[in-house]
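Presented below is the structure to which this report refers.
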Amino acid sequence: FEWLPPDQALAVEGSPDLLVQLLDKLVANAVDFSRAGEPVRIELTRERNNAQLAVINAGPPLPPEMQGRLFEAMISSRPDRGNEEPHLGLGLYIARLIAEFHGGTIVAENRAGGDGVAVTVTLPLVPG
């Protein structure tokens, strides 16, 4: 993993346990869709009065039909992987619920050139 921290502390109000779960869901998803040997990058930046957490992988882009539905329940775009257990498609849905619970948003976008995906969570900063 490659971690790019902000140049200053960013404080958000919320449940540490839920925010850890959100990050776990995003990283697990990014790892699942990354090309072997490619790092998953995590960036935390300030955008006006918000903290933006981006989890970025190098791998296949999001199919066009998934872009508006990725954070819904029971949605998965995983290719058939043989004998693995079925995937329920709840991880990104749970991540969306956690982001919204904290007054934030979550979006997924194909990286420039179609080489991977960036999932970005935006959460309001604590005033002050």
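The values are calculated or read from the model by the stated rules, or taken from the named source; none is laboratory data. As the structure is a prediction and not an experimental result, all values here were calculated from the model. Cβ sites come from the backbone with ideal geometry, for glycine too, and all protein chains shown count toward neighbours. In case anyone asks, the SASA skips ligands and DNA or RNA and just uses the protein heavy atoms, side chains included. Shrake-Rupley method; radii C 1.70, N 1.55, O 1.52, S 1.80 Å.
Scanning the range 62-74 for residues that are in contact with a Ser or Thr (Cβ under 7 Å, 6 or more places away or on another chain) and modelled with pLDDT under 80 yields one hit, Met66. For the range 75-113, what are the residues that are assigned to a strand (DSSP E or B) and either modelled with pLDDT under 90 or hydrophobic (A, V, I, L, M, F, W, C) (or both)? Of everything in the range 75-113, those that are assigned to a strand (DSSP E or B) and either modelled with pLDDT under 90 or hydrophobic (A, V, I, L, M, F, W, C) (or both) turn out to be Ile106, Val107, Ala108. With respect to (1) touching an Asp or Glu at 6+ places or on another chain (Cβ under 9 Å); (2) closer than 17 Å to Arg96 by Cα; (3) modelled with pLDDT under 95; (4) open to solvent by less than 30 Å² (accessible area, probe 1.4 Å), the lone exception for Gly59 is condition (2). Checking each residue in the range 91-108 for being in contact (Cβ under 8 Å) with a residue 12 or more places away in the chain and either in contact with a strand residue (DSSP E or B) (Cβ under 8 Å, 6 or more places away or on another chain) or exposed (fewer than 15 other Cβ atoms within 10 Å of the Cβ) (or both) picks out Leu92, Ala95, Arg96, Ala99, Phe101, His102, Gly103, Gly104, Thr105, Ile106, Val107, Ala108.
Is at least one residue of the range 53-66 without any contact (Cβ under 8 Å) to a residue 12 or more places away in the chain and either basic (Lys, Arg) or at positive phi (or both)? There is no residue in the range 53-66 that is without any contact (Cβ under 8 Å) to a residue 12 or more places away in the chain and either basic (Lys, Arg) or at positive phi (or both).
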